[in-house]
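Structure first, then comments.
The values are calculated or read from the model by the stated rules, or taken from the named source; none is laboratory data. Remember, it's a predicted structure, so these values are computed and weren't measured experimentally. Cβ sites come from the backbone with ideal geometry, for glycine too, and all protein chains shown count toward neighbours.
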Amino acid sequence: MEDSLYYSVSVALCLFLYVLLSSLRRTPTGGTPPLPPGPSALSAIGPLLFLGRSNFSIEPVIRAAKARYGPVFTLQLVPPARPSSSPTAPRAHRALVQRGAAFAGRPPAALPGAVFSSGQRTVTSAAYGPLWTALRRNLAAKTPPPLAPPRRVRRRPPPRAVAGLVDAIAGLVDAIAEQQHDVRGDGVVVVEGPLHRAVVQVTVAMCFGEGVVEEPALSRRSRRHSGSLRRRCVGGRRSSSRLSFAQAAARPRAGVDFSSGAYVDSLLGLWVPEEDGGGGSRRRRLTEGEVVSLCAEFLTAGADSTAAVAQWAMANLVARPEVQARLRAEIRGVVTVTGGGVVEEEQLWRMPYLRAVVLETLRRHPPGHFVLPHAATETTTTLVEGFKVPPRATVNFTVAEFGLDEEVWAAPMEFRPERFMPGGEGEDVDLTGSKEIKMMPFGVGRRMCPGVAMAMLHLQYLVANLVNEFEWSAVEGETVDFAEKQELSVVMRRPLRATVVRKATLRRALNQGPLLQLCFQCFVWRNRQATLACGLTHSHWGQ
């Protein structure tokens, strides 16, 4: 009891002294630009104390500060770093694109982040400089280029991303079909687990090479603990199964071909600049710990966000059967013409509505509601919209609000992929934000995610094959729950449950005569009343 009282009084006294000293600071005089307005340290730190709760979100604090102080504001924290938030697209474009170098840094990492990133020596955490440039350039060289017509596809090497996807899709389809025919016999599946395993399989193949066998126990443990990573990461690095696996796969091997497609081999053969001066002329190999951290970064960033967005896409297709029907018609048209049974990479560029569905999902459900924190890199004060940003100050941007701006998007809360088709307000959207920012699910500027093309390829490939292979509908008596939960990415609070019917089952039913066709249509209509509006015809289900 006495210890508790002692610590409470000590914390209260420290906060009082901090606020008192802050109030005694000399206010700017002459023509000195002020800091962006914002709540005092005492009023800001109260809500932030609840960040330790798993169900607390900082977004209400951000919205309240924005409503009171405007689009650019300051949160006074201890120590005196000042995270400024700029939630409007024009301001973000000026800060991140037009003045990208000024805010391309990263703030110092707390102990857990520093441990997992080997002292901030990964692509996402490294300070802006020669080391970060070398790491990012190496990663970008290992990700597939944007989708292109076949004449360009044939001129590039066979993409490792799709080689892994073929096997992953086969396993995903089998897992969903197994759930569909389990002992319950109701055709209800929960897609989250199989989808996450499929994406992990792809990223593992890209990272370590083909033929890596996933251990089921490792996959289950990794997925089970991902939500509590923030609370357990300090003491868990050495015992982490994922990192131990990465370390074993990344150990130096005699006669290894560093020019192969595996990401880990590129890291083993990479030379990076020394960080102790020398003007960048001296170079070194990556340490074992740095290779492990970079592989872990690749697996986490590549798997969790992609699986989360893919599940959001399928949830919206279940809730909007007319969108699913139009997408299926486009997919079946392309696959039928080419004479295949599955969707292939060379066919994706011929599916504009598929791309629109993925873009609309990213607009409504970006993997994160904030970009990773940026830091001012200049040694002198930087000006943003007339306000000063001190050197090394932390700057952040609210990603989700850009995609919901009513001045840019008509009915922004609706899921409407048509907005990305010709004539829609998102027809010319640029995910890189080089000209303007309408949405930025992958960030923009110099710190933009280097795996944008890979993520778009994986998402389109996954969604296309899931819609091509199965008919998806809501479970009878249930509605899709779009509530969010923050884990490593923003995920569905309640994983998607849907009733599925496989394409082969549909084809057999339609070939059994008028009576069985009618019975089958009635069965599907009972599970999803809108199915009849989509039309159970040979043109839709002939594959």
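Of all residues in the stretch 86-99, none satisfies being within 22 Å of the chain's Cα centre (by Cα), surrounded by fewer than 16 Cβ atoms within 10 Å (Cβ to Cβ) and at pLDDT below 85. Of the listed requirements (1) in contact with a strand residue (DSSP E or B) (Cβ under 9 Å, 6 or more places away or on another chain); (2) surrounded by fewer than 15 Cβ atoms within 10 Å (Cβ to Cβ), residue 447 misses just one: (2).
Under the condition of being of a type in the set (Gly, Ala, Ser), assigned to a loop (DSSP other than H, G, I, E, B) and over 22 Å from residue 302 (Cα atoms), the residues counted in the stretch 94-118 number 1.
Among the residues of the stretch 477-491, is there at least one that is over 14 Å from the mean Cα position of the chain (by Cα) and buried (at least 23 other Cβ atoms within 10 Å of the Cβ)? No, the conditions are met nowhere in the stretch 477-491.
Within the stretch 283-332, if we keep just the residues that are part of a loop (DSSP other than H, G, I, E, B) and surrounded by fewer than 22 Cβ atoms within 10 Å (Cβ to Cβ), the residue that is modelled with the highest pLDDT turns out to be 320. Does residue 165 satisfy the condition of being modelled with pLDDT under 90, under 30 Å from residue 502 (Cα atoms), part of a helix (DSSP H, G or I) and touching a His at 6+ places or on another chain (Cβ under 8 Å)? When the stated conditions are applied, residue 165 passes them. Residue 312 fulfils the conditions (1) in contact (Cβ under 8 Å) with a residue 60 or more places away in the chain; (2) more than 16 Å from the chain's Cα centre (by Cα) except for a single criterion, (2).
Of the residues making up the stretch 172-187, those that are modelled with pLDDT under 90 and either within 21 Å of residue 300 (Cβ to Cβ) or in contact with a Ser or Thr (Cβ under 6 Å, 6 or more places away or on another chain) (or both) number 1. Kindly indicate whether residue 121 is basic (Lys, Arg), under 22 Å from residue 286 (Cβ atoms), part of a loop (DSSP other than H, G, I, E, B) and modelled with pLDDT of 85 or more. Yes.
Of the residues examined, residue 467 is one that is crowded, with 22+ Cβ neighbours inside 10 Å, touching a helix residue (DSSP H, G or I) at 6+ places or on another chain (Cβ under 9 Å), at pLDDT 90 or above and of a type in the set (Val, Ile, Thr). Can you name the residue in the stretch 333-346 that is crowded, with 19+ Cβ neighbours inside 10 Å and in a helix (DSSP H, G or I) and is also modelled with the highest pLDDT among such residues? My answer is 334. Residues of the stretch 419-438 that are under 17 Å from residue 371 (Cβ atoms), among the β-branched types (Val, Ile, Thr) and either modelled with pLDDT of 90 or more or surrounded by 19 or more Cβ atoms within 10 Å (Cβ to Cβ) (or both): 437 alone.
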